[in-house]
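Novice: Mind having a look at this structure? Questions to follow.
The values are calculated or read from the model by the stated rules, or taken from the named source; none is laboratory data. Just so it is clear, the model here is predicted, and its values are computed rather than measured. Reconstructed Cβ throughout: ideal geometry from the backbone, glycine too, with neighbour counts over all protein chains shown. Heads up: the accessible areas ignore ligands, DNA and RNA and are worked out on the full protein's heavy atoms, side chains in. Shrake-Rupley method; radii C 1.70, N 1.55, O 1.52, S 1.80 Å.
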Amino acid sequence: KMPQTPPFAAMFDSSGYNRNLYQSKEDNCGGLCYHDNNLLSGSLEALIQHLVPNVDYYPDRTYIFTFLLSSRLFLHPYELMAKVCHLCIEQQRLSEPGLDKNWMQKIAPKILQLLTEWTETFPYDFRDERMMRNLKELAQRIASGDEMYRKNVQQLLQNLIRKLAAVSQYEEVLAKIDATSTDRLTVLKTKPQSIQRDIITVCNDPYVLAQQLTHIELERLNYIGPEEFIQAFVQKDPLNNDKSCYGDQKKTRNLEAYVEWFNRLSYLVATEICMHVKKKHRARVIEYFIDVARECFNIGNFNSLMAIISGMNMSPVSRLKKTWAKVKTAKFDILEHQMDPSSNFYNYRTALRGATQRSLTAHSNSEKIVIPFFSLLIKDIYFLNEGCANHLPNGHVNFEKFWELAKQVSEFMTWKQVECPFERDWKILQYLLTVPVFSDDALYLASYESESPENHIEKDRWKTLRFVSEV
């Protein structure tokens with residue numbers, strides 16, 4: 001029987017990890033340091049050994065996730081996989097010849113389960129041929145023992161290949177979207193009126209737009225692998241500032257693509273406001289986006305909310321005083337207060353905790369949605385990584401730090417698995433993803449043409465921009 005794996009939400013208790021871990025295995029191998037049954041540190045070799053099941057032991061799922069996530073700070077996933085394979089084969093070699101079949105029946109489901117956890121949670125590790133080779137060799141060894149295991153191994157490999165095909169397809173779609181918006185920007189520069197509609201003609205309901213933004217957010221979140229957070233911080237080679245020790249480790253850029261989406265949405269908001277010649281139209285678009293942002297807040301989509309607020313706070317938009325004078329700003333003030341960066345985003349963090357609490361007791365998918373302000377999440381994980389040493393003075397790996405890293409990333413894993421409950425509107429999605437957005441210069445130019453420059457700095461900038469645009 002396969003060991004059971006609880007859902008991500010149940011993995012870590014409020015203190016950061018499961019208090020009852022590791023009672024299933026006494027520390028015989030040395031090199032591991034515990035306090036009150038909690039693993040605090042260990043040598044890298046002992047920690048790797050602790051990952052590998054044997055006849056009497058299967059590692060706790062919390063440990064598996066934490067170690068697979070953080071071990072890449074010390075060694076490549078393919079190196080870890082090679083060591084795991086070696087330890088499994090070594091165990092089999094050391095078992096008594098007569099017990100070989102019996103041993104295989106006891107250990108095979110456990111090794112299979114470990115491989116399943118690895119391939120399901122960190123599938124992008126297997127975009128590396130060396131990983132795939134080791135996985136297939138170990139799987140082959142298990143499959144040769146029993147017909148039942150052969151089916152399980154096939155299932156495992158099929159699921160993995162399906163996941164890797166899905167991410168390749170997603171990357172192709174992103175590349176096409178980028179190409180389309182670049183083509184449209186070229187057309188926009190030569191024939192502006194022929195292409196440029198505005199957001200309200202495409203979707204006049206702010207609630208529907210907030211729902212479509214949530215579709216894009218959840219799809220892009222879903223493709224980010226947990227390891228991408230850690231790989232963003234792997235140490236540089238101390239002898240060569242430009243070269244990372246793990247140069248060939250990075251197999252995906254979903255995290256970067258998601259940050260680019262945030263920037264695009266901010267610029268889209270600013271473009272939609274600045275491109276209108278008439279003041280009343282600009283004011284109408286600002287009020288529309290305030291309603292969209294408010295609905296994003298209600299949904300739990302904090303990333304779109306922050307991107308919209310950022311777009312409205314860009315200088316070309318915020319300087320339009322005559323336009324803002326026509327806007328009812330009370331709702332906007334409330335939203336800005338919620339996302340106020342002071343006291344380390346205290347208000348936002350309180351709202352995020354509320355949304356997280358709601359998602360835990362949710363009866364419907366719409367109540368489960370938690371989309372964090374992503375740049376801040378990355379920053380938190382970055383500072384946690386920077387603020388604690390990887391090694392203790394005795395040379396041990398600082399496992400307490402890794403519990404904390406894993407706790408933060410596992411919360412993200414719960415959020416990204418929510419399915420979007422809203423109906424897709426392809427026309428609106430297409431517009432949001434591919435409509436051209438103005439550059440900084442184009443935004444300033446449109447802004448100055450709507451409301452004249454107010455001081456010498458703005459006047460000089462306007463002259464320069466007009467000159468450049470005419471050349």
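Novice: With a point put 7 Å past each Cα toward its Cβ, work out how far HIS456 is from HIS391 in nm, to one decimal.
Specialist: A separation of 5.8 nm, rounded to one decimal place.
Novice: For SER366 and TYR34, compute 0.36 nm times the residue count separating them, minus their Cα-Cα distance, and round to one decimal in nm.
Specialist: Difference between extended and current length: 115.4 nm.
Novice: Now, a different point. If you take the beta carbon distance between LYS280 and GLN92 as r and set R0 to 56 Å, what does 1/(1 + (r/R0)^6) give as a FRET efficiency, to the nearest 0.05?
Specialist: The computed FRET efficiency comes out at 0.15.
Novice: Just reorder SER41, SER450, SER343 by solvent-accessible area, largest first, 1.4 Å probe, all chains present.
Specialist: So the residues, ranked largest to smallest area, are SER343, SER450, SER41.
Novice: Also, I was wondering about something else. Hey, can you grab everything whose amide H is under 5 Å from the amide H of HIS391? Only 5+ residues off in sequence or another chain; H modelled, so Pro and N-termini drop out.
Specialist: Those qualifying (amide H under 5 Å, at least 5 residues apart or on another chain) are ASN398.
Novice: Quick check: from the Cα gyration tensor, does the range 30-161 come out rounded (a/c under 1.5), prolate or oblate?
Specialist: oblate
Novice: Also, I was wondering about something else. Give me the distance in nm between label points sitting 7 Å out from Cα along the Cα-to-Cβ direction at ASP340 and ALA232, one decimal.
Specialist: 2.7 nm
Novice: Something else now. Heavy atoms only, 1.4 Å probe, whole protein assembly: order HIS35, HIS396 by accessible area, highest first.
Specialist: Correct descending sequence by accessible area is HIS35, HIS396.
Novice: By how many nm would the segment from TRP426 to ARG353 lengthen if fully extended, with 0.36 nm per residue of separation less the alpha-carbon distance?
Specialist: In short, 23.1 nm is gained.
Novice: While we're looking at this one, here's another question. If you take every residue apart from ARG284 with its C-beta less than 15 Å away from the C-beta of ARG284, what net charge results, scoring Lys and Arg +1 and Asp and Glu -1?
Specialist: For residues surrounding ARG284, the net value is +4.
Novice: Pulled fully out, how much extra length does the chain show between LYS331 and GLN417, if you take 0.36 nm times their separation in residues and subtract their Cα-Cα distance?
Specialist: Using 0.36 nm per residue and subtracting the Cα-Cα distance, I get 27.9 nm.
Novice: Rounded, prolate or oblate: pick one for the range 144-183, where a ≥ b ≥ c are the square roots of the eigenvalues of its C-alpha gyration tensor, a/c under 1.5 means rounded, and failing that, prolate if a/b is larger than b/c, else oblate.
Specialist: prolate
Novice: Leaving ligands, DNA and RNA out of it, work out the accessible area of ASP60 with a 1.4 Å probe and give it in Å² to the nearest 10.
Specialist: Near enough 50 Å² of accessible area.
Novice: If Lys and Arg each add +1 and Asp and Glu each add -1, what is the summed charge of the other residues whose beta carbon sits under 9 Å from the beta carbon of SER359?
Specialist: Neighbour charge sum, excluding SER359 itself: +1.
Novice: Then there is this: May I ask you to derive the FRET efficiency for GLN154 and VAL55 from their Cβ-Cβ distance with R0 = 22 Å, giving the value to the nearest 0.05?
Specialist: Given R0 = 22 Å and the Cβ-Cβ separation, E is 0.35.
Novice: For the range 287-408, what class follows from the C-alpha gyration tensor (a ≥ b ≥ c being the square roots of its eigenvalues): rounded when a/c is under 1.5, otherwise prolate if a/b is larger than b/c, else oblate?
Specialist: oblate
Novice: Sticking with this one: What order do ASP291, ASP441 take when sorted by accessible area (1.4 Å probe), most exposed first?
Specialist: ASP441, ASP291
Novice: How much accessible area does ARG264 have with a 1.4 Å probe, in Å² rounded to the nearest 10?
Specialist: Spelled out: ARG264, probe radius 1.4 Å, area about 40 Å².
Novice: Near LEU320, within a Cβ-to-Cβ distance under 14 Å, what is the net charge of the other residues, with Lys and Arg +1 and Asp and Glu -1?
Specialist: +3
Novice: Output ³J(HN,Hα) for the range 406-420: one whole-Hz value per residue in order, computed from phi by the Karplus curve 6.51 cos²θ - 1.76 cosθ + 1.60 with θ = phi - 60°, and x for Gly and Pro.
Specialist: Once rounded to whole Hz, the list reads 5, 4, 5, 6, 5, 5, 4, 4, 5, 5, 6, 8, 6, 8, 6.
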